[in-house]
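Novice: Structure below; questions to follow.
Just so you know, all these numbers are worked out from the coordinates, no wet-lab data involved. Keep in mind it's a predicted model, so treat the numbers as computed, not measured. Reconstructed Cβ throughout: ideal geometry from the backbone, glycine too, with neighbour counts over all protein chains shown.
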Amino acid sequence: MAAPTPEPQDLDPHVMDLDFDPDALRAKYRAERDRRIRPDGSGQYRHLAGEFGAYDEDPYADPDFTREPLRDRVEALVVGGGFGGLLAGARLRQAGVQEIRIVEKGGDFGGTWYWNRYPGIHCDIESYVYLPLLEELGYVPAWKYSPGEEIRQHARAVARRFGLYEQACFQTQVTELRWDEGEDGGESEWVVGTDRGDEIRARYVVVSSGTLSQAKLPGIPGIETFRGHTFHTSRWDYDYTGGDASGRLTGLADKRVALIGTGATAIQVVPHLGQDARQLYVFQRTPSSVDVRGNRPTDPEWAAALQPGWQRQRMENFLKVVTGSREEADLVNDAWTSTARLQEKLIPTNAYADVPAERRELAYEIADFQKMNELRARVEGIVEDPETAEKLKPWYRYMCKRPTFSDHYLQTFNRSNVTLVDTADTHGVERITENAVVVGDTAYEVDCIVFATGFDVGRSGVLSGKLPVYGRGGAGLLETWMTQGPRTLHGFTTRGFPNLFLLGSMQNAASVNYVHILDEQATHVAEIVAQARKRQVRCVEPTAEAQAAWVATIRQKAADLHKFQAECTPGYYNNEGRPRERSEAYGDGSVAFHELLRRWRADGGMREVLVEGSGT
Ligand code: NDP
């Protein structure tokens, strides 16, 4: 394990004896960024709809599944059956809610882990802090970093444990949420429409439709003309490749395969494709940073000695360490926890606020250069061909792109059947023909193209416009936010849309361990619902004052990440080189935010959402 980056207060760049030239690195980063910037920004991508709709089909569900439309009523309806929806279901169940229906597009629970089953899939956040509700289920994961199938099975186990299968609707997409005031003497509640013609009434609705749930394709000219086989990594076609998530892709033994993209997904896929395909071409535009993985089986003695409360303690410790708190112990002790300082550039916190800003910025930058130098040296140490090694070196600051971890990815480029094709100068793959992928003067003939080209990030249902929400007086949520800007209390509730709870990272705080964040959110929402039930208050809705105050807090505390992100190489973290001017994240970070929520619940905050006089 690499040494942690030094504390900013211990680092004075003016007196440090640096073994590199920061100005030269700055210039190199700028030049590499400029090579990749495209005028079309996010417009370069294609959604999986229309002629590309087949890429979005569910390979795991029964295509002939039908059922009668539902016309019934539940107390709580949850949109999305990933960990956010499952945690909402579990926490609402613990709060005493009986009728809970989760509506999910896939054929089962799991969300990300339902859709993504590509070979090599693992979670790169430690399993003991990532998999939720381990103690409640009496389970300890088998590995420090879990394979995807273990996580998917855990999601299913959570659903079984909290009785969430009974009323679940799979292979169903919510198409509309409409608030019915109950003016004709009926209940005031949500009317939920779906693509299966359902009309479900629900007192409470929780939306947890995910952030990485809409796969995207590159808009490469000729993409539709390819005659061979193609698919996106989030819909892996094992009928074609053979094998399963653990590899053994026997169907590729006589195939020439193109993999487009080298993000966190590709890093996990490449070793398997390299091992099993006759020939693999990896088309890279920007190399990922690839750090040590160091996965290992769980030590049974360690697992047996765990004391009650261990998971909460470990999750809290991880969150604190990665957000820069000076903790005595680093329980997880991996590449995430040793790079906390660098992560602040993506996920703001109030750590190191005591260090003068200029000194802090410089210290961060130097620590960043050192970390990236270490990762570039790692490439040189592993990849035998110097030209290939040079292409695999990442030239940008650590959090410009999602850091990745692998002990097999770089090694794969030493295989004689694997070729790295760099596409930076052509801003990506130039063209696809009926039998080849074209870059520069070369047409690489292939039988199959696998797109590891990522997701439309942050386009959850509500913000994408695919899930219209109509609140009091028929007002549209998206339309309201488009004109006024997003307005919420803590990111969860919004005025004019009673009993609607949004999970996600709008006007609240995030972390690299996003499932932990979702659990805090689900717990908070469930406590509000529990209080509404106890006090027999019918409508949960923030007061105008509370909402305005929270929006003001978000603005006042917003970290200025714009300069950093504008200088980053393009990618989804910075909206392809055009970062948004304003951050909607809570600037003091997730540790402070969770503390704020706890205090709010304990100190009468409920007054701000449980409006007097709206009782039954
Ligand atoms: P990414 O968006 O990170 O990567 C997409 C890749 O496609 C990039 O390398 C991109 O290049 C490349 N690309 C796009 N268009 C073209 C083109 N026209 N020509 C050539 N290359 C192109 O998607 P991933 O699926 O890899 O990862 C998405 C996210 O999912 C991660 O960031 C992470 O948050 C999550 N994830 C988490 C894992 C975990 O273990 N927790 C594992 C895997 C994914 P460029 O960079 O130049 O744009």
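Novice: Could you state the angle between the C-alpha long axis of helix 589-602 and the longest principal axis of the C-alpha atoms of the chain, as a value from 0 to 90 degrees rounded to the nearest 10?
Specialist: So the inclination is approximately 10 degrees.
Novice: Oh, and also: Check the straight Cα-Cα distances from K563 and name the lysines below 19 Å, setting aside those fewer than 8 residues away within the same chain.
Specialist: Within the straight-line limit of under 19 Å, K563 reaches these lysines: K28, K345, K401.
Novice: Shifting gears a bit: How big is the dipole moment of the chain about its Cα centre under a simple scheme where the beta carbon of each Lys and Arg is +1, that of each Asp and Glu is -1, and everything else is neutral? Debye, nearest 20, please.
Specialist: 760
Novice: Between A305 and D330, what's the calculated FRET efficiency when r is the beta-carbon distance and R0 is 25 Å? Round to 0.05.
Specialist: With R0 = 25 Å, the Cβ-Cβ based efficiency is 0.85.
Novice: Of A510, A530, Q556, which is farthest towards the positive pole of segment 510-556's charge dipole, taken about the Cα centre with +1 and -1 on the beta-carbons of Lys, Arg and Asp, Glu respectively?
Specialist: The residue sitting farthest along the positive end of the dipole is A530.
Novice: To the nearest 10 degrees, how steep is helix 357-382 against the longest Cα principal axis of the chain, on a 0 to 90 scale?
Specialist: Taking the Cα atoms of the chain, the angle to 357-382 is about 50 degrees.
Novice: If you take the Cα Rg of segment 309-438 and divide it by 2.2 N^0.38 Å, with N the number of residues, what do you get?
Specialist: 1.36
Novice: By counting other Cβ atoms within 10 Å of each Cβ, how are I151, I347, I102 ranked from fewest to most?
Specialist: On the way: I151 24, I347 21, I102 27.
Ranked by crowding around the Cβ, least crowded first: I347, I151, I102.
Novice: Give me D for segment 284-349 in µm² s⁻¹, whole number, from Stokes-Einstein with Rh from the Kirkwood sum over alpha-carbon pairs, 20 °C and 1.002 mPa s.
Specialist: On the way: Rh = 14.0 Å.
Rounded, D is 153 µm²/s.
Novice: Tell me, how many Å apart are the Cα centres for segment 136-158 and for segment 466-481?
Specialist: Using only Cα atoms to place each centre, the spacing works out to 37 Å.
Novice: Which order results if H490, H122 are arranged by neighbouring Cβ count within 10 Å, fewest first?
Specialist: Going from least to most buried by this count: H122, H490.
Novice: May I ask for the Rg/Rh ratio of segment 227-349, computed from Cα atoms with Rh as the Kirkwood radius, given to two decimals?
Specialist: 1.10
Novice: Nearest-5 percent of antiparallel DSSP beta bridges in segment 82-208?
Specialist: Of the beta bridges lying entirely in segment 82-208, close to 90 percent run antiparallel.
Novice: How much of the DSSP beta bridge set in the chain is antiparallel, as a percent to the nearest 5?
Specialist: 45
Novice: Among A443, T433, V418, which residue has its Cα furthest toward the positive end of the charge dipole of segment 398-450, with +1 on Lys/Arg Cβ and -1 on Asp/Glu Cβ?
Specialist: V418
Novice: Do any cysteines of the chain lack a neighbour Cys whose Cβ is under 4.7 Å away, and which are they?
Specialist: C123, C169, C448, C539 - these cysteines have no disulfide-compatible partner (Cβ-Cβ under 4.7 Å) in the chain.
Novice: By how many degrees, 0 to 90 and rounded to 10, does the Cα axis of helix 544-557 deviate from the longest principal axis of the chain?
Specialist: Relative to the chain, helix 544-557 is tipped by roughly 20 degrees.
Novice: Where the only charges are on Cβ atoms (+1 Lys, Arg; -1 Asp, Glu), what is the dipole of segment 251-333 about its Cα centre, to the nearest 20 debye?
Specialist: Using Cβ point charges on Lys, Arg, Asp and Glu, segment 251-333 gives about 420 debye.
Novice: So, counting K/R as plus one and D/E as minus one, what does the shell of residues with Cβ under 13 Å around A558 add up to?
Specialist: Once positives and negatives cancel, what remains is 0.
Novice: In whole angstrom, how long is each semi-axis of the equivalent ellipsoid of segment 522-593, when you take the square root of 5 times every eigenvalue of its Cα gyration tensor and sort them from largest down?
Specialist: After scaling each eigenvalue by five and taking roots: 35, 14, 11 Å.
Novice: Tally Lys and Arg at +1 and Asp and Glu at -1 over the other residues with C-beta under 14 Å from the C-beta of H408: what net charge comes out?
Specialist: On the way: positive: R293, R378, R415; negative: D124, D276, D291, D407.
Cβ neighbours under 14 Å give a net charge of -1.
Novice: Averaged over all directions, how much area does the convex hull of the C-alpha atoms of the chain cover when projected, in nm²?
Specialist: That works out to 27.9 nm².
Novice: Let me ask something else about it. Using the Kirkwood radius over C-alpha pairs as Rh, can you work out the diffusion coefficient of segment 97-194 via Stokes-Einstein at 25 °C, viscosity 0.890 mPa s, in µm² per second?
Specialist: Taking Rh from Cα pairs, D becomes 157 µm²/s.
Novice: Excluding S188 itself, what net charge comes from residues whose Cβ is under 13 Å from its Cβ, given Lys and Arg +1 and Asp and Glu -1?
Specialist: -1
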